[in-house]
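J.: One structure coming up, written as structure tokens, with questions to follow.
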Amino acid sequence: MANPLRGEVDLVIDGQPRLARLTLGALAELEGALAAGSLMELAERFETGRVSGRDVMAVLVAGLRGAGWTGRAEDLMAADIQGGPLAAARAAAQLLALAFRGPE
């Protein structure tokens with residue numbers, strides 16, 4: 001079960017529960033994978049709904065790797081994400097929101 005205080009999000013991929021978390025290394029990977037001027041620009045794209053499928057996939061791959069997943073982006077592209085594209089986009093947005101939330 002995900003711990004939002006650690007920035008974790010639950011996903012079910014091909015029927016298997018998985019955790020995703022954007023660690024500093026995962027954020028660095030994400031920055032390199034996307035054509036965004038900054039990670040804050042990427043977060044703004046999610047907030048304004050100007051997000052692409054490529055953005056969602058990149059965030060999920062980085063988040064899964066941040067939680068220890070050893071798969072490849074190609075593996076996720078062929079996988080079934082429970083809840084479909086909308087659930088995937090919500091999970092990606094949640095990962096970014098948790099990664100950039102201020103101190104409580």
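J.: Which of the residues that make up the stretch 67-86 are modelled with pLDDT of 95 or more and assigned to a helix (DSSP H, G or I)?
T.: Within the stretch 67-86, just Gly84 meets the criteria.
J.: Going by what's in this entry, would Ala92 be described as among the small types (Gly, Ala, Ser), within 14 Å of the chain's Cα centre (by Cα) and surrounded by fewer than 18 Cβ atoms within 10 Å (Cβ to Cβ)?
T.: Taking the combined requirement at face value, the residue does not satisfy it.
J.: Could you tell me whether any residue of the stretch 43-57 is among the aliphatic types (A, V, I, L, M), at pLDDT 90 or above and outside any loop (DSSP other than H, G, I, E, B)?
T.: Yes, some residue in the stretch 43-57 is among the aliphatic types (A, V, I, L, M), at pLDDT 90 or above and outside any loop (DSSP other than H, G, I, E, B).
J.: Just need a number here: residues in the stretch 88-102 that are among the small types (Gly, Ala, Ser) and free of Cβ contacts under 8 Å to residues at least 24 places away in the same chain.
T.: Matching residues across the stretch 88-102 total 1.
J.: Only one of Leu11, Leu22, Leu42, Leu34 is within 17 Å of Ala93 (Cβ to Cβ), surrounded by 15 or more Cβ atoms within 10 Å (Cβ to Cβ), touching a residue at least 60 places away in the same chain (Cβ under 8 Å) and out of contact with any strand residue (DSSP E or B) (no Cβ under 7 Å at 6 or more places or on another chain). Can you tell me which?
T.: Every option except Leu22 fails the conditions.
J.: For the stretch 54-78, give me each residue that is crowded, with 18+ Cβ neighbours inside 10 Å and over 8 Å from the mean Cα position of the chain (by Cα).
T.: Asp55, Arg65, Gly66, Ala67, Trp69, Leu76 - these are the residues of the stretch 54-78 that are crowded, with 18+ Cβ neighbours inside 10 Å and over 8 Å from the mean Cα position of the chain (by Cα).
The values are calculated or read from the model by the stated rules, or taken from the named source; none is laboratory data. Computed from a predicted structure; not experimentally measured. Every residue, glycine among them, receives a Cβ derived from its backbone with ideal geometry; neighbour counts consider all protein chains shown.
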